[in-house]
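Remarks on the structure that follows.
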Amino acid sequence: MKVFDYVEIKIPAKPQYVSVIRLAISGLASRVGFLYDQIEDLKIAVSEAVTNVVHHAYVDNDDGEIVLGCALYSQKIEIMVTDYGNSFSFEEVKAKTGPYNYNEDIEHLREGGLGLFLMEALMDEVRVINEGGVTVFMTKFVKREQVEEDVQSSSSNFDK
């Protein structure tokens, strides 16, 4: 029995395909059992990663492609957005745009930092690898309120 299902999609690195990725993520996340708000968070984070590829990876090349890989587990989704274009230093970009003050108005963030900020804010884990392009790994866990099935008593004052 497989621990997870893996889905991979390759698209041209063009803005008109960002909506295709959003739709795919929405469908895959609903299969895992994410709630509406969580699916919206996933769509935003993945859109930011794909948009970064579209705008930065293939500046002088119209033939670039984006690979989206999704591992679907019972309680999480792992998403990989990969390109083979121009690489960048995640730590360098993050240092120029951060540190983030979560109490500060988003409008005051410097250009180029909002996408990374959103990915880190909306996902549970974000890792970036720069080797022959850029790969962004993002993980989001399904968090559900669970009650043990064998609970016998309540600790509330309503029982008195």
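The values are calculated or read from the model by the stated rules, or taken from the named source; none is laboratory data. Bear in mind that the values here come from a model prediction, so they are computed numbers and not experimental data. Cβ: placed from backbone, ideal geometry, glycine included. Neighbour counts: every protein chain shown.
Numbers at a glance
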{"read-out": "Residue within segment 48-70 that is in a strand (DSSP E or B), more than 15 Å from Gly133 (Cα to Cα) and either among the hydrophobic types (A, V, I, L, M, F, W, C) or out of contact with any Asp or Glu (no Cβ under 9 Å at 6 or more places or on another chain) (or both) present", "value": "yes"}
{"read-out": "Within segment 71-84, tally of residues that are crowded, with 21+ Cβ neighbours inside 10 Å and either modelled with pLDDT under 80 or more than 14 Å from Asn130 (Cβ to Cβ) (or both)", "value": "2"}
{"read-out": "Residue in segment 25-40 that is more than 18 Å from Val136 (Cβ to Cβ) and over 17 Å from the mean Cα position of the chain (by Cα) present", "value": "no"}
{"read-out": "Cross-chain or 6+ apart pairs with Cβ under 9 Å, segment 127-149 first and farther than 16 Å from Val54 by Cα and surrounded by fewer than 17 Cβ atoms within 10 Å (Cβ to Cβ), then modelled with pLDDT of 90 or more and among the acidic types (Asp, Glu)", "value": "Thr139/Glu78; Thr139/Asp124; Thr139/Glu125; Phe141/Asp124; Phe141/Glu125; Lys143/Asp124"}
{"read-out": "Residue satisfying condition, being at pLDDT 90 or above and within 19 Å of Gly69 (Cβ to Cβ), within set Thr135, Thr139", "value": "Thr139"}
